[in-house]
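Presented below is the structure to which this report refers.
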Amino acid sequence: MKNTSEVGKELYENLGKLFYAIAMADSRVHEKEVSKLRTFIRQYWLKVDELEDDFGTDAAYQIESVFDWSMDHDLDSEACYADFREFYEDNKGMFSAFIKVLILDTANAISNSFSGKNKSELVMLGKLELLLKE
């Protein structure tokens, strides 16, 4: 069984995949989407907990690292969303009402940051909202 710290780091890693999936829903990640994500990490996600990674850095930066790695490797948006969904379903207890709202706020901010929401982003945001309401 994994300890709480490991699962907490996995949470941030899977959030990186989720936010990449949202940004990549239209088959392209725009610089404004990356910038919006970085802003949200620094303004909100760093304040969520005191969890640190193996290097003593706030674990919330894993969101950014995984997002960047996913972008560098041109990962499939749907596969990244599926990874997040699986993690969520296996760890629902980690997702407080506050975390769910912050996830939806971040996802919406990313999708609104470049020319508003397009159809593919709206579909993915809808799936996310339904998932988090289960």
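The values are calculated or read from the model by the stated rules, or taken from the named source; none is laboratory data. Because the structure is a prediction, the values reported are computed rather than measured. Methodologically, a virtual Cβ is constructed for each residue, glycine included, from the backbone with ideal geometry; neighbour enumeration extends over all protein chains shown.
Some values worked out for this structure:
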{"quantity": "Residue satisfying all of: in the stretch 50-60; in contact (Cβ under 8 Å) with a residue 24 or more places away in the chain and within 16 Å of the chain's Cα centre (by Cα); nearest to residue 113 (Cα to Cα) among these", "calculated": "60"}
{"quantity": "Filter result for residue 75 (part of a helix (DSSP H, G or I), out of contact with any Asp or Glu (no Cβ under 6 Å at 6 or more places or on another chain) and of a type in the set (A, V, I, L, M, F, W, C))", "calculated": "no"}
{"quantity": "Residue count for the stretch 95-107, restricted to those that are part of a helix (DSSP H, G or I) and farther than 16 Å from residue 63 by Cα", "calculated": "3"}
{"quantity": "Criterion (at positive phi and in contact (Cβ under 8 Å) with a residue 24 or more places away in the chain) met by exactly one of 35, 77, 27", "calculated": "27"}
{"quantity": "Selection from the stretch 1-31 of residues that are touching a helix residue (DSSP H, G or I) at 6+ places or on another chain (Cβ under 9 Å), closer than 20 Å to residue 109 by Cβ and among the basic types (Lys, Arg)", "calculated": "17"}
{"quantity": "Candidate set: the stretch 93-134, residues that are at pLDDT 95 or above and of a type in the set (D, E, K, R); chosen: the one farthest from residue 22 (Cα to Cα)", "calculated": "100"}
{"quantity": "Of all residues in the stretch 21-48 being hydroxyl-bearing (Ser, Thr, Tyr) and not in a helix (DSSP H, G or I), the one that is surrounded by the fewest Cβ atoms within 10 Å (Cβ to Cβ)", "calculated": "27"}
{"quantity": "Residue in the stretch 49-61 that is in a helix (DSSP H, G or I) and among the acidic types (Asp, Glu) present", "calculated": "no"}
{"quantity": "The listed residue being farther than 19 Å from residue 10 by Cα, of a type in the set (S, T, N, Q), touching a residue at least 12 places away in the same chain (Cβ under 8 Å) and buried (at least 16 other Cβ atoms within 10 Å of the Cβ), out of 120, 113", "calculated": "113"}
